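One structure, as structure tokens, below. Some questions next.
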Amino acid sequence: MRLARVFCSLFIVVALTAACACAQKQPPLRSPDVVFVPTPPEVVDAMLKLANVTKNDVVYDLGCGDGRIVVAAAKNYGARGVGIDIDPQRISEAKENVEKAGVGSRVTIRNEDLFETDIHEATVITLYLLTSLNEKLKPKLWRDLKPGTRVVSQTFDMGDWKPEKEIEVDGRSVYLWRTPANK
């Protein structure tokens with residue numbers, strides 16, 4: 001009788017573990033919106049400087065690719081970083097780069113859809129997407145971010161949302177916006 005209870009308890013534990021594992025699996029993510037094109041180091045640095053990143057910031061890179069921006073934010077500025085990408089291959093590369101740089105305690109890499117992920121804790125958002133994607137993302141930025149959150153994009157603007165500042169770095173435009181108070 002006692003042995004039967006032990007086996008029954010063991011069966012319940014195994015069944016619950018399997019059920020939890022199934023519940024935690026996410027459905028497959030959709031295809032990426034853009035191809036991965038690495039941001040040159042001098043542009044990464046210019047983006048972070050333009051946003052005036054400090055150790056008090058939480059930098060979210062939406063479409064993080066190999067994680068170079070959040071790694072640089074953590075390593076060179078002491079910020080926390082969160083990289084979001086939909087492509088599992090890029091996630092793997094980003095996690096490897098975080099580990100190589102020794103910033104794993106300050107940087108998190110997440111395999112998520114940038115249009116659906118939680119970004120509310122960001123104080124800085126970095127982007128290297130197409131203008132059409134930036135414009136599609138704009139309502140989420142305005143809705144989910146605190147007023148004054150800095151948004152920096154390389155090469156592509158936000159359509160009718162005029163930047164606070166624009167600089168050129170090696171022939172590339174880098175734009176800075178702040179989310180408005182009146183959304």
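The values are calculated or read from the model by the stated rules, or taken from the named source; none is laboratory data. Keep in mind it's a predicted model, so treat the numbers as computed, not measured. We place every Cβ from the backbone using ideal geometry, glycine too, and count neighbours over all the protein chains shown. Surface accessibility is based on the protein's heavy atoms, side chains included, excluding ligands, DNA and RNA. Shrake-Rupley method; radii C 1.70, N 1.55, O 1.52, S 1.80 Å.
Report the relative contact order of the range 120-182, percent, no decimals, based on alpha-carbon pairs under 8 angstrom and at least 6 residues apart.
On the way: 110 pairs, mean separation 22.8, N = 63.
The normalised contact order for the range 120-182 reaches 36 percent.
So for Ser153, Ser132, Ser105, what's the accessible-area order with a 1.4 Å probe, most first?
From most accessible down to least: Ser105, Ser132, Ser153.
Please state the equivalent ellipsoid semi-axes for the range 20-168: what are the square roots of 5 times the Cα gyration tensor eigenvalues, largest first, in whole Å?
Value: 22, 19, 15 Å, ordered largest first.
Here is a further query. The range 110-152 to the range 34-95: how many Å between their Cα centroids?
13 Å
Follow-up. Please give the direction-averaged projected area of the C-alpha convex hull for the range 129-183, in square nanometres with one decimal. Spell out each step's value before the answer.
On the way: hull surface 14.2 nm².
For the range 129-183, the mean projected area of the Cα convex hull comes to 3.5 nm².
Starting from the Cα of Trp161, move 7 Å in the Cα-to-Cβ direction to define the label point; list residues of the range 72-110 whose amide nitrogen is under 19 Å from there.
Those under the cut-off are 82-85.
Round to the nearest 0.05 the FRET efficiency obtained for Ser92 and Glu116 when R0 = 22 Å and r is the Cβ-Cβ distance. Before the final figure, lay out each step's value.
Details: r = 21 Å, r/R0 = 0.94.
After rounding, the FRET efficiency stands at 0.60.
When the label point is put 7 Å from the Cα of Trp142 along its Cα-to-beta-carbon vector, which residues of the range 30-50 have a backbone N closer than 11 Å?
Hits in the range 30-50 for Trp142 at 11 Å: none.
Put +1 on the Cβ of each Lys and Arg and -1 on the Cβ of each Asp and Glu in the range 118-170; which of Thr126, Met158, Gly148 then has its Cα farthest toward the positive end of the dipole?
Value computed over the given set: Gly148.
If you bin the C-alpha pair distances of the range 96-160 every 10 Å from 0, what whole percents do you get?
19, 45, 29, 7
Which cross-chain or sequence-distant (5 or more) residues have an amide H under 5 Å from the amide H of Val107, H modelled 1.01 Å from N in plane?
Result for Val107 returns Gly81.
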